[in-house]
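Single-structure report; data block below.
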Amino acid sequence: MYKYILLLISLSVGQTLDDQYHSTSEIYDFLDSLNQLEELNDWYHLDTIGYSTQENIPILAVRISDNASVKEDEPRVLFIGQVHAEEILGVEIVIDLIKDLLFPDASISSHMNILKQYLDIWIIPTANPEGLNVVHDGLDLSFRKNKRDMSPEGPFPNNTFDYDPSIGNDIDGVDLNRNFSFNWAFGDTFLEPDNSDYASHYDYYKGEEPFSESEAVAIRDLALENDFVFSIVWHSSRSGNLSEKVFTSWKWEDAKESPDLDIMKSISDYFASLIETEDGTSTYLSVFSGSRNGKLHDWFYRETGCMQYLVECGTSNLQPEGLLILNTIERNKPAMIYLMDRAIGYYTDAAQITGNIYDAETNEPIEGAIVEVFEHSGSVLKPRKTNEFGRYRRILDVGTYTFSFKAEGYLDQNLSLVANNSSITERDVFMTPASSHQLNLKLVHQDDSNYIIGGTISNRFGVTEIEISTGNNYFDLFEDEYKIQFVMNDNNIPWEKALTIGSDTEINIPYQSGQLFSMNQPWSLENSQGDWYIENTILRTQESQYYDNRDTLNNIQWLESEAIDISGSNRAVVSISHRYETEWDFDPIEILILDLDNNVLGSKIFTGHKWDIPHTDLVSALTEDTFSNVKIRLEFTPDNSVNYRGWEIHSLVLYSTFDEYLEIKEVSANYTPKIPLRVSGLFPNPSRGNFQFDLLNFSGGSATINIFNLLGQRIFTNTLQELDKGKHSIQIDLNRENGLYTSSGVYFIRIETKNEQAVKKCIILKN
């Protein structure tokens, strides 16, 4: 390792940058000059997507399309030239791409025009302008991070930029490609000299928490706002060990693969074959990513479905000179063009299935519908949702696939669709609205006092916080499966119920006290197996930061309580405050309520990542008779591959009571089902402050329109009087209204009536 470090240091000593490399100011001057060209008004749009962490430098993004200032129903691609400060070849590659798209040579003009016509192309030359300045100022040509201010003695700023021209010892800064939330906990211990609690002063420092750096936030928000199909982020390998490779998303231990790995890898294989190596003897190598350390490309794929490729475009000579710069640019061009061609099926394989999802009754597009391909699914992936146009899009291999379409308030649909290479498969989907039914949550108490409790109603689309009071509490719900939960307070018994709403339903919720037994005062490990560890009053599955991998069949880790007498009760509830981080679908944790013969009376299994803050879950057991003695069992079953932070239990309480209201009653409908108020058809979006939208399912009467900025400031208000029931088209011109200045940014439209409200996000972009 020592020899390796010396080698890296020797490569950087005495090096200066070739004048061909663009500094931050030169990049921004170039982009601004293009913005001044009238002939590019329709083709080129310059946007500020965020600001740097320490020095508040704008992070600029370029959009190139046939109508670049307007978001259209087109595939979107993203190219990021530089994230690590010293890895600057990518900056030059994407700047050259901008020139080719806007000022193409005659030989490629037709091709470039087709790409601009059918794509929305985003380009970020530098996502780390602070770090780029450090390199161009000659302070440290091996600097990797941003300039987050930290002192040598701790995390607190000292108002000095602390750096070391040698590799691996920089105090200030965060590695932006370790600051994304997916697998952030693992970071990267490569060359880590300092294990202090406050900060690791080394070149790969991941930050105090995910998205602690505003540069990472800017990229995150851009990705979440735009459903990018493909993306490339350029890097260069310091050591040369990773040089001239194209990395796709993950393949971890024991063949734990990303669900779309075959598709991503086949595209990566062809992509890499188009880039010749620097020595001209071969082409780039397409490889799996085996790391778990908070990188962009894994986060992009997991969170948004975008297939982002990490390209190590140089050799160990991070900042080559002369003709080699131009040579590297030229060698990378074919791969970029191919990826854009693949997005639209132009002169390449076209295997892709896409379409728009509409309301079958109104023909309005449905935003946020969940689209799943059964053959390429996994719980590790966030749901793939339709965009503001109701558009779904999946890049596939040739074959037949089962698509599932789900949206709240609509009946599910499953379709068998075929992808082929000759053309993109277009299939629109019209979803039938689901029936609505009335749920009455009746809070009952032995006296007539008015009590108010808070709880949640959740389904597969999300969680809604609710509040009920003594007596009847009515909710209109679409036909679906729901979980209702009330944690309660004091010694009152928590309550939960899973049910399917298919008719008008009434449920009695008793607000009553009962017996309670705390399991963590203190925890007992006398009857247990495995690595359980107690720290203060917190029970963990292991003492170390991450749990060990085990053989599932032979090593179930468990902890069991003593027998607890709950005689005379017919409802037992375990309330657990916990957080967990386990491998999705493979390393389950389970809470069981057992009788003394080990029969399961009630249980719940959890898996995946819910680690941010402790939260409360309930596990219930019900009987038509009464219970006698029960025991609580905790189980953890890790397999023999990927490990995480495990399970952390802050409190566990067993409640028991006799509940005379176990029955769920179906009641006769005596009302007309209500369809919720919605805002739809927002156009244009983005706008320059003048836009229109449709108000759907309006119940009649008056309504108030309020528009707020991200700071919560109201910039517009208007009251609509005596509107008829049904659909209304509303036009807004913020440029004619008094009030706060409507600058470019994200705004929220809120429509309020006496009994309802609806919210819609809009974007305003001004030159």
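The values are calculated or read from the model by the stated rules, or taken from the named source; none is laboratory data. In this text, all values refer to a predicted model and were calculated from it rather than measured experimentally. With ideal geometry, Cβ positions are generated from the backbone for all residues, glycine too; neighbour counts draw on all protein chains shown.
Laid out as a table, the results:
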quantity: Residue ID - farthest from ALA223 (Cα to Cα), chosen from residues in region 116-159 that are assigned to a loop (DSSP other than H, G, I, E, B) and in contact with a strand residue (DSSP E or B) (Cβ under 8 Å, 6 or more places away or on another chain); calculated: ASN158
quantity: Breaking point among (1) under 28 Å from the mean Cα position of the chain (by Cα); (2) surrounded by fewer than 19 Cβ atoms within 10 Å (Cβ to Cβ); (3) hydroxyl-bearing (Ser, Thr, Tyr), for TYR410; calculated: (2)
quantity: Residue selected from region 12-53 under the condition under 32 Å from the mean Cα position of the chain (by Cα), hydrophobic (A, V, I, L, M, F, W, C) and in a helix (DSSP H, G or I), by the criterion farthest from LEU101 (Cα to Cα); calculated: ILE27
quantity: Members of region 330-353 found to be β-branched (Val, Ile, Thr) and crowded, with 19+ Cβ neighbours inside 10 Å, listed by number; calculated: ILE337, ILE344, ILE353
quantity: Out of TYR401, TYR392, sole residue that is assigned to a strand (DSSP E or B) and touching a residue at least 40 places away in the same chain (Cβ under 8 Å); calculated: TYR401
quantity: Strands (runs of 3 or more DSSP E) (entirely within region 545-641) containing at least 2 residues that are buried (at least 18 other Cβ atoms within 10 Å of the Cβ); calculated: 557-560, 571-581, 589-595, 609-622, 629-636
quantity: Where SER52 falls short, out of the listed (1) within 30 Å of THR354 (Cα to Cα); (2) in contact with an Asp or Glu (Cβ under 6 Å, 6 or more places away or on another chain); (3) not aromatic (Phe, Trp, Tyr); calculated: (1)
quantity: Listing of strands (runs of 3 or more DSSP E) fully contained in region 406-458 that carry 2 or more residues being at pLDDT 95 or above and farther than 18 Å from LEU477 by Cα; calculated: 413-419, 429-431
quantity: Scope region 487-514; condition crowded, with 16+ Cβ neighbours inside 10 Å and closer than 24 Å to ASN755 by Cα; matching residues; calculated: ILE501, ASP504, THR505, GLU506, ILE507
quantity: Test result for ILE121, among the β-branched types (Val, Ile, Thr) and in contact (Cβ under 8 Å) with a residue 12 or more places away in the chain; calculated: yes
quantity: Every pair of residues 6+ apart whose Cβ atoms lie under 6 Å, when the first sits in region 680-699 and is without any contact (Cβ under 8 Å) to a residue 40 or more places away in the chain while the second is buried (at least 17 other Cβ atoms within 10 Å of the Cβ) and of a type in the set (Lys, Arg); calculated: ASN697/ARG678
quantity: Hey, ASP29 touching a residue at least 40 places away in the same chain (Cβ under 8 Å), among the acidic types (Asp, Glu) and surrounded by fewer than 21 Cβ atoms within 10 Å (Cβ to Cβ) or not; calculated: no
quantity: Contacts under 9 angstrom Cβ, first residue in region 54-65 being touching a residue at least 24 places away in the same chain (Cβ under 8 Å), partner of a type in the set (Ser, Thr, Tyr) and in a loop (DSSP other than H, G, I, E, B), 6 or more apart; calculated: PRO58/SER52; ILE59/SER52; ILE59/THR126; LEU60/THR126; ARG63/SER69
